[in-house]
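Worksheet: one structure, shown below.
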Ligand code: ARG
């Protein structure tokens, strides 16, 4: 084998193996974990007092440098954890080596990553609540704004625009729960698992777990170092957020299309066409919808990496970082866009009302009325109204304009006085079952949602004690 080939092989190994250039965003998390580890080693009298003090000082200095924007870590190091070790080595010499007592990169890397995810859950959760609030405010403003309700994208029944906003608010509040649940499931500290089998040093895993804000240490060292279930749970909850954002994006694209024309979007969230000057393309909503692709892909990517791996750490697991970082960053961006869309979309009340008044939109209300007021079983009432609609079409009139005679020709029970058209407002107001679209229900649901958001926040178990990277962006 020639020296050239070996040099090339080393280069290629570097290229496929080094990650410090992107995983250095975990540096502060490594420092937090390392500091807690040193504190425990000192308390347990495993390391000399002087060495512990020197390590604490060096770790604190490193933290300050990173926080002030300096880049003291070598981006060419194998990964961020090696980079921190190399930095400490350069500062302290051999004394730095005490830090590696009773730990391995396996338990360190996975603990730092869990802390990072915890911060992301807080940051994304806060954005989700802002989105819920923006939708809730629209619902309060527009409880009485009547629009066509669609099913199969066919105009089905009139409804309150506020009701539709609350529908998305429900989905996003549940996503906030889902993210929180993913974090709660990983509320355990892997530190002390070592490379795979634990350690012979008299460590105190509870103490490290407490310092880091975890509920407890993990139960099994072997499982801890190779488990990425916590990362998959985060990616899965993130995929659910993305999925709901994509649906919301689609709805906005549809509503804003000219022949539909139910909402207006601000100039800032649309783009003009390069070829067609009259167009206002809803690019923000489309991109928000499209970003969901990579977020769902990230879940699939890591599932595929982990699938088939036996217990313990394999280098394969290093491939967890990029999907996680990308999901967190893409979601933060997409949620910010969703908040702007939800806040600034303007329903066009007149267009909404006009679109709700297509012929016979309230025919099901007529059937309801026949059942409620005339004691006709609903299925039969439905058949009768179908025939009345056909008759009205023949006469070119509304249902309310059908004469008693023509109604009697369908069924004698239909020839009663007080026969009238049911307006879209009557129709919307009548659907006052719990969770229904009646404006009063929408108002109540919006108030109740506010209380639920407050309760969700108060119940918050998110620990922000690390909070090194709460923006979601690098
Ligand atoms: N960069 C590695 C990762 O993220 C750290 C763990 C390294 N452990 C090892 N045995 N090589 O997975």
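The Cα trace of region 380-440 gives Rg and Dmax of 13.7, 39 Å, the first to one decimal, the second as a whole number. Once the Kirkwood radius over Cα pairs is known for region 187-263, the Stokes-Einstein relation at 25 °C and 0.890 mPa s delivers a diffusion coefficient of 155 µm²/s.
For region 221-332, the C-alpha radius of gyration sits at 1.45 times the compact-globule guess of 2.2 N^0.38 Å, with N the residue count. Across region 230-266, the residues whose backbone nitrogen lies under 16 Å from the label position 7 Å along the beta-carbon direction of residue 278 are 257-261.
Once the Cα atoms are used to define both axes, helix 27-43 deviates from the longest principal axis of the chain by about 50 degrees.
Separation of region 336-363 and region 65-127, taken as the distance between their Cα centroids, equals 50 angstrom. Taking the longest Cα principal axis of the chain as reference, the axis of helix 363-374 is set at about 70 degrees.
Based on the Kirkwood radius over alpha-carbon pairs, what is the Stokes-Einstein translational diffusion coefficient of region 110-194 at 37 °C with 0.692 mPa s viscosity, in µm²/s? Value of D from the Cα-based Kirkwood radius: 216 µm²/s.
How big is the equivalent ellipsoid of the chain along its three axes, where each semi-axis is √(5λ) from the Cα gyration tensor, reported in whole Å from largest to smallest? Please report the intermediate quantities before stating the final value.
On the way: eigenvalues 750, 110, 72 Å².
Values for the chain, descending: 61, 23, 19 Å.
The distance linking region 408-442 with region 6-57 is 70 Å (Cα centroid to Cα centroid, whole angstrom).
For region 280-351, the Stokes-Einstein estimate of translational diffusion at 10 °C and a viscosity of 1.306 mPa s comes to 109 µm²/s, using the Kirkwood hydrodynamic radius over alpha-carbon pairs.
Below 8 Å between Cα atoms, with a sequence gap of 6+, how large is the relative contact order for region 32-162 in percent? Working shown, then result.
On the way: 92 pairs, mean separation 22.5, N = 131.
Relative contact order, region 32-162: 17 percent.
Helix 378-395 and the long axis of the chain differ in direction by around 60°, with both axes built from C-alpha atoms.
Would you please classify the overall shape of region 27-76 from the alpha carbon gyration tensor, given that a ≥ b ≥ c denote the square roots of the eigenvalues, rounded means a/c under 1.5, and beyond that prolate means a/b larger than b/c while oblate covers the rest? Please list the in-between numbers first.
Numbers: a/c = 2.63, a/b = 2.28, b/c = 1.15.
Taking the square roots of the gyration eigenvalues as a ≥ b ≥ c, region 27-76 is prolate.
The equivalent ellipsoid that matches the C-alpha gyration tensor of region 14-106 spans semi-axes of 23, 14, 11 angstrom, in descending order.
Considering just Cα atoms, how many Å³ per residue does the convex hull of region 328-474 enclose?
Working: hull volume 25.8 nm³, N = 147.
Each residue corresponds to 176 Å³ of Cα convex hull volume.
Measuring how big region 363-408 is from its alpha-carbon positions, Rg and Dmax come out at 10.2, 28 Å.
Taken together, the values in this text are just the output of simple stated rules run on the coordinates, not laboratory data. Keep in mind it's a predicted model, so treat the numbers as computed, not measured. Using ideal geometry, Cβ is built from the backbone for each residue, glycine included, and neighbour counts are taken over all protein chains shown.
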